[in-house]
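Reviewing the structure listed below.
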Amino acid sequence: MNRPPTKFVKACPLPLKGNPGRTREEHSQETALDYAELIAELISTTGAARVTELARRLGVTHVTVNRTIQRLQRGGLVRARRPYHSILLTDAGWKLSEESRRRHEIVVGFLKSIGIPDAVARSDAEGMEHHVSKKTLAAFVKHLKRRGLHKPLR
């Protein structure tokens, strides 16, 4: 069975802005994080992650999803045995999805703590979670802990 590991992993290294040559790499990493997080969510909630559902939820074509899944397979993050079958995360894919979810929840918690409504905080966090440095995330956690709002995942 394709279950997530129970340990957290180190934060996924996200390069800082300032080097224009890194833009493509940053976007590629952001896409991998989004796919891993969504695949994990689908497996957890429905028992399977399929191309059609990924395409629908991400607002892209099935061709785009298939190409991205192939890239994620080459990167060792997913296994997709045959067309029309469920996509599975590898251990590395589960670690990446957990880290992405953790970053997302920290950003959401911080935004809500400064008065941003839940729906807006969740929407805004979708973009911010990929670009926040480790130092900034640590400051968000410190802020949440001081207010008794930090809830560690698992």
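How long is the gain from His143 to Asp91 if the chain were fully straight, where each residue apart is worth 0.36 nm and the alpha carbon distance is subtracted?
15.6 nm
Order by neighbour count: Leu137, Leu89, fewest other Cβ atoms within 10 Å first, most last.
Arranged by neighbour count, lowest to highest, Leu137, Leu89 become Leu137, Leu89.
Would you mind ranking Ile106, Ile43 so that the residue whose beta carbon has the fewest other beta carbons within 10 Å leads the list?
Least crowded to most crowded, the residues run Ile43, Ile106.
Could you pull out the chymotrypsin sites (Phe, Trp or Tyr not before Pro) across the range 64-154 that fall in loop regions by DSSP (anything but H, G, I, E, B) with no more than 10 other Cβ atoms inside 10 Å?
Taking the range 64-154 and a limit of 10 other Cβ atoms within 10 Å, the loop chymotrypsin sites (Phe, Trp or Tyr not before Pro) found are Tyr84.
Do any trypsin sites (Lys or Arg not before Pro) in the range 58-146 lie in a loop, going by DSSP, with at most 10 other beta-carbon atoms within 10 Å of their beta carbon, and if so which?
Loop-located and lightly packed - Arg81.
Below 8 Å between Cα atoms, with a sequence gap of 6+, how large is the relative contact order for the range 21-90 in percent?
29 percent
Would you mind counting up the charge near Leu111? Only other residues with Cβ under 12 Å from its Cβ, with Lys and Arg at +1 and Asp and Glu at -1.
My count for the surroundings of Leu111 gives -3.
Every number in this text was worked out from the coordinates using simple rules, so none of it is lab data. Computed from a prediction, not measured in an experiment: that's the story for all the values here. Methodologically, a virtual Cβ is constructed for each residue, glycine included, from the backbone with ideal geometry; neighbour enumeration extends over all protein chains shown.
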